[in-house]
1. What's the number of the only condition in (1) among the aliphatic types (A, V, I, L, M); (2) farther than 30 Å from MET126 by Cβ; (3) modelled with pLDDT under 95 that ILE17 fails to meet?
2. Could you please tell me which pairs satisfy a Cβ distance under 8 Å, a separation of 6+ or placement on different chains, a first residue in the range 27-40 that is within 15 Å of TYR53 (Cα to Cα), and a second residue that is of a type in the set (Val, Ile, Thr)?
3. VAL95 is checked against (1) assigned to a helix (DSSP H, G or I); (2) within 30 Å of PRO37 (Cα to Cα); (3) hydrophobic (A, V, I, L, M, F, W, C) and fails just one. What number does that condition carry?
4. Between a residue in the range 62-73 that is under 15 Å from LEU18 (Cβ atoms) and any residue that is of a type in the set (Lys, Arg) and assigned to a helix (DSSP H, G or I), which pairs come within a Cβ distance under 6 Å, given they are 6 or more apart or on different chains?
5. Here's a check for you: in the range 92-124, which residue that is of a type in the set (Asp, Glu) and at pLDDT 95 or above is surrounded by the fewest Cβ atoms within 10 Å (Cβ to Cβ)?
Amino acid sequence: MDKFKTETKYIRDDEFILQKAVEDFMYESSRIMLKFPKHEKFVLAAKIRTLTYDLLELIIRANKRYHKKTTIQDADITLGCIKSFLVVAYELRYVAPKDYNLMVEQLSTVGKLLGGWMKWVKEIKMR
């Protein structure tokens with residue numbers, strides 16, 4: 001079993017799908033960033049890792065808050081930053097095309113879930 005991938009058969013009651021999707025991206029990106037050149041492991045890889053941790057924290061905070069809109073928007077901004085840094089890593093050829101496509105697919109899933117959540121919050125506020 002890969003040490004970075006969890007094989008959970010169930011999701012805890014206090015955890016929801018978006019949080020799980022970000023955690024899955026964290027595990028996969030950690031595995032991929034181990035292959036970065038040494039001089040970039042402590043700069044670009046660290047930045048992507050830190051932003052990913054920030055994203056997870058923002059999602060957990062938004063899930064627990066009554067007023068979610070601004071926190072979800074902050075999470076969306078953080079997601080955009082992660083995508084940008086990932087493109088830089090790909091263009092510098094630190095990430096293989098196969099790994100890049102996998103990470104982009106995972107981030108796309110996170111973005112869709114986050115966008116749906118944002119839309120839901122706006123609809124609730126309009127009622």
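The values are calculated or read from the model by the stated rules, or taken from the named source; none is laboratory data. Predicted model only: the values in this text are computed from it and were never measured. FYI the Cβ positions are ideal-geometry reconstructions off the backbone, even for glycines, and counts take in every protein chain you see.
1. (2)
2. Partner pairs satisfying both residue conditions: TYR27/THR6; SER29/ILE48; SER29/THR52; MET33/ILE48.
3. Answer for VAL95: the failing condition is (1).
4. From the range 62-73, the pairs are THR71/ARG61.
5. Here the answer is GLU105.
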